[in-house]
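Visitor: The structure's right below; bear with me while I get my questions together.
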Amino acid sequence: MHLQTKRIHGHEYLYAVHNVRVDGRSRKGEQIYLGKLEDLIAERRGLLEPKSIQTWRFGAPAALWALSEELGLRAEIDGRCDGASGPGASIGTYLVLAAINRAIDVRSKRGLAKWYRKSCLERLSGVAPEALTSQAFWTAMDRFPLEAGQEVLNAVLPKLLQEAGDSHLVLFDCTNFFTFIASSNGRPQLPRRGHNKAKRHDLRQVGLALAATAPSQLPLFYELYAGNQMDVTTFAEVWPRLLGVLDGLGVKDGATIVYDKGNLSRDNQEMVDTSGASYVTSFAPHLFPDLLAIPLSRFTAAEGEDLAGFLWYREQRLLWGQQRTMLQSYSPTLAAGQEAGVRQHLAKAERLLKELQQKLERRQQPGARGRKPTRQGIEKDVREALTAQHLRRLVKVSIAEEQGRFQLDYEIDDEAFEHLKDHLFGRRIWVTDHEDWSAEEILRAAHQQNDVEACFRDLHGNEPVAWSPAYHWTDQKLAVHAFYMVLGLLLVRLLRLRARRAGDDRGTRALIEDLSEVDECLLVYPAAGPRGQGRPRLVRKLIDRSPEQQRLLEVTGALALAPSP
C-alpha cells in the first residue's frame, strides 16, 4: 500500500492505494480516501501542540516541604498531640503548611487556601484545599500542646547541629512584635503595651526570646512572653531553661553563649557565673569612663582580613566579684556611622530650636492671640527637641527672661563633640570568662551576635519568614504562631546551609526568590483518535531550570518530588 495525491479543483487529496497484480501487471486495487492534505497536516499539528497548559508553583514549596519531611516535622508534631488531629488534616500538617507559607508568600489563614491551590503542595500533602479554612487552622492551633513546641525542636536539632557543625557559639537575644488585639479584650495576658521596636507603641505587643547557632543561625530555643516585660527580666527567667535545652542537645559544656548588654544586670551575671557557662557579653561603655579615657594610640591593631581596621585594648579586671577579661574594641566603620547619626540628630535639633525661637517671637508680639509662653512650657519644648542620644550634652540652651519676655538661645559645644569622637564613637566594651582566648577570638565571637539579629530582621521583614501580620486573639494561638514561625526560620536556614555547602553563597531571600520561579506544568494534549476519540494525553513536567535552581532542588531533596513526565 502506498500514498497517492490527487489534485482536484486546486486542492490536494490524499489516498491510501493498494496495488494488485493482474496478468503479471500492477493494477490499482483498493483505494481509501484519507482527506485533504492541508486538513491532515492541521490535525497532526493539533496532536503535537497541547490543548491546554496548567501551572503550579513548585520550587520553593517543594524544597521546604522536602526538608520538613526529611526532618520528620509532621510526625514529631503529631506524636505529641495525644491523638488529637485537625478537622481536615493532622495538626502537624496544618502547622508545617503554615510555616512554609510564612517562609515563601505570607497569607492570612483565610487566604492561605488560595495560595495552596496554586502550589504543588496539594499534590505532595494529599490535603484538599477545602480543608484549609481559617477555622480549621484555628482548631488545629487550639489542639496543639504548647510544651510540645520546644520538644519538637529538641528532637530534630541533633542531626542538624551535626550537619552544621557550629554549635560552639550560641547567640541569645529578645525582640517584640505588635499585635492588633484591642485594649478592651481582656482574655489574652501576653499582649501588653511596652517599648515596641517597630515604633508601634500604640499597640499591644508580645516578646520573643530566641537562641540560635552561629553562623548557620539555626534556632535552638524560643519562648514567647508578656510584651511589657524587660529583657533583663526575661533573661533571668529563661536562662535555666536555655541551659536545660543545651544540655539535652549535648552542647552545653562546649558552648559559649553570647548575649548583649540589654540582658545584663549584676544579679543576672551572678546567675551566669554560678551556672558555669562560658559567655561573651557587652557592657555600656559609659560605665567605664577610665577605659574610655585611654587614647587609641595605646590600642593594638587586630589581625585578620575580617577585622581590618579594628583596634583593641585588653586587661583583666575585678568586676562584680569576679576576675574577668575585658576587651575594649574600636571600629572606624562604627565610629563613622555613630558620628553621622549624631550629626543628623543635631541638624534636626537645630531646626526645631530655630522654629521654637520663631514661635516665641510671634507669640510675644503686641496683640498676639493665645496663651503667653511660660518657662515650664519652653523647657518642655526644649527637652522634646533634644531627646536623641548625646544632644543634651552637645547643645547648650539658655532661656532668659526680661520684663516678662523670654529669649531662647543655643549653641553647639564643639569641644564636647570632639570628645565624643575621641573617646566614645566606635568603642565597645566586651567581657568574657575566656582568659585563654585571643583578642581576635573574643571579637569574632562578640560580632556573631549579628546572626541572631539577622533572624529578627527576617521575622520583622516582609519575607521570608515574616511574623506580621498575625491576626490572632488568644495567648494559645499567639504561642502556636511563634512555634511555626520558628519552624519556618529553621527550614529557610537549613535551605541556606545546604546551598552554601553546594557553593551557592546567596542570601535566604535570593534563594527563595530563585526557587519560586520554578513551576510545575501539566500539558493536556488532544486524544489521538481520528475524530478526537479516546482520552487526552497528560504530561506533567517542570519548566526549564538554571544550573543554580537545579542544584537547589537536588540538595533539598525536592527533585525527587518532581512529577514524572
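The values are calculated or read from the model by the stated rules, or taken from the named source; none is laboratory data. Bear in mind that the values here come from a model prediction, so they are computed numbers and not experimental data. No Cβ is skipped: glycine too gets one built from the backbone with ideal geometry, and neighbour counts run over all protein chains shown.
Yes or no, residue by residue, for (1) closer than 30 Å to ALA226 by Cα; (2) of a type in the set (A, V, I, L, M); (3) under 23 Å from the mean Cα position of the chain (by Cα):
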{"position": "PRO469", "(1), (2), (3)": "yes, no, yes"}
{"position": "HIS481", "(1), (2), (3)": "yes, no, yes"}
{"position": "LEU489", "(1), (2), (3)": "yes, yes, yes"}
{"position": "LEU495", "(1), (2), (3)": "no, yes, yes"}
{"position": "GLU513", "(1), (2), (3)": "no, no, yes"}
{"position": "LEU522", "(1), (2), (3)": "no, yes, no"}
{"position": "GLY557", "(1), (2), (3)": "no, no, yes"}
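Visitor: I need the full set of residues from segment 312-361 which are assigned to a strand (DSSP E or B) and under 32 Å from the mean Cα position of the chain (by Cα), in order please. Full working, then the answer.
Guide: Within segment 312-361, the first condition is being assigned to a strand (DSSP E or B), and the residues that meet it are 312-319, 322-330.
Listed by number, the residues that qualify are LEU327, GLN328, SER329, TYR330.
Visitor: Here's another thing I want to ask about it. Scan segment 257-267 and give yes if some residue there is assigned to a strand (DSSP E or B), surrounded by 17 or more Cβ atoms within 10 Å (Cβ to Cβ) and of a type outside the set (Phe, Trp, Tyr), otherwise no.
Guide: Yes, there is a match, as at least one residue in segment 257-267 is assigned to a strand (DSSP E or B), surrounded by 17 or more Cβ atoms within 10 Å (Cβ to Cβ) and of a type outside the set (Phe, Trp, Tyr).
Visitor: Now a separate question. For residues in segment 153-186 being under 22 Å from LEU478 (Cα atoms) and in a helix (DSSP H, G or I), which is farthest from the chain's Cα centre (by Cα)?
Guide: By that ranking, first place goes to ASN154.
Visitor: Next up: Quick one: in segment 546-559, of everything that is touching an Asp or Glu at 6+ places or on another chain (Cβ under 9 Å) and over 13 Å from GLY503 (Cα atoms), which residue is surrounded by the most Cβ atoms within 10 Å (Cβ to Cβ)? Spell out the reasoning first.
Guide: Within segment 546-559, the subset touching an Asp or Glu at 6+ places or on another chain (Cβ under 9 Å) is 546, 548-549, 551-552, 555-557.
With the extra rule that they be over 13 Å from GLY503 (Cα atoms), the set shrinks to 546, 556-557.
Working: SER546: 11, THR556: 27, GLY557: 16.
Going through the qualifying residues, I end up with THR556.
Visitor: Looking at (1) within 30 Å of GLU402 (Cα to Cα); (2) in contact with a strand residue (DSSP E or B) (Cβ under 6 Å, 6 or more places away or on another chain), which is the one condition that is false for THR374?
Guide: Every listed condition holds for THR374 apart from (2).
Visitor: Here's another thing I want to ask about it. If we scan segment 233-253, do we find a residue that is modelled with pLDDT of 95 or more, among the basic types (Lys, Arg) and under 21 Å from CYS174 (Cβ atoms)?
Guide: So far as segment 233-253 goes, yes, one or more of its residues are modelled with pLDDT of 95 or more, among the basic types (Lys, Arg) and under 21 Å from CYS174 (Cβ atoms).
Visitor: Quick check, is GLN229 surrounded by fewer than 23 Cβ atoms within 10 Å (Cβ to Cβ), touching a Gly at 6+ places or on another chain (Cβ under 7 Å) and assigned by TED's automatic domain parsing to the domain that holds VAL280?
Guide: Answer is yes for this residue.
Visitor: Turning to a different aspect of this structure: Could you grab me the full set of residues in segment 420-454 that are closer than 21 Å to ALA293 by Cα and not in a strand (DSSP E or B)?
Guide: LEU420, LYS421, ASP422, HIS423, LEU424, PHE425, GLY426, ALA439, LEU443
Visitor: Restricting attention to segment 506-542, report how many residues are part of a loop (DSSP other than H, G, I, E, B) and at pLDDT below 90. Spell out how you get there, then give the answer.
Guide: Here is the first cut: in segment 506-542, the ones part of a loop (DSSP other than H, G, I, E, B) are 506-507, 516-518, 526-536.
Okay, now just the ones that are also at pLDDT below 90, so 526-536.
Adding up the residues that qualify gives 11.
Visitor: A further question on this structure: Tally the residues that are of a type outside the set (Ser, Thr, Tyr) and surrounded by fewer than 24 Cβ atoms within 10 Å (Cβ to Cβ), restricting the search to segment 74-98.
Guide: Number satisfying all stated conditions: 13.
Visitor: How many of the residues making up segment 396-438 are within 44 Å of the chain's Cα centre (by Cα), without any contact (Cβ under 8 Å) to a residue 12 or more places away in the chain and not assigned by TED's automatic domain parsing to the domain that holds MET326?
Guide: Total satisfying the criteria: 4.
Visitor: Which residue pairs have Cβ atoms closer than 8 Å, lie 6 or more positions apart in sequence or on different chains, and pair a first residue in segment 442-456 that is closer than 12 Å to THR213 by Cα with a second residue that is surrounded by fewer than 22 Cβ atoms within 10 Å (Cβ to Cβ) and of a type in the set (Asp, Glu)?
Guide: Filtered contacts from segment 442-456: GLN449/ASP260.
Visitor: Now, a different point. Name the residue, out of GLU401, GLU339, that is closer than 30 Å to ARG444 by Cβ and acidic (Asp, Glu).
Guide: Values: GLU401 fails: closer than 30 Å to ARG444 by Cβ.
Matching residue, one of GLU401, GLU339: GLU339.
Visitor: Residues ALA479, ALA499: which one is modelled with pLDDT of 95 or more and farther than 20 Å from LEU112 by Cβ?
Guide: After applying the criteria, what remains is ALA499.
Visitor: I'm trying to understand the selection: among the residues of segment 455-478, which are within 30 Å of VAL280 (Cβ to Cβ) and either charged (D, E, K, R) or in contact with a strand residue (DSSP E or B) (Cβ under 9 Å, 6 or more places away or on another chain) (or both)?
Guide: Correct list: CYS455, PHE456, ARG457, ASP458, LEU459, HIS460, TRP467.
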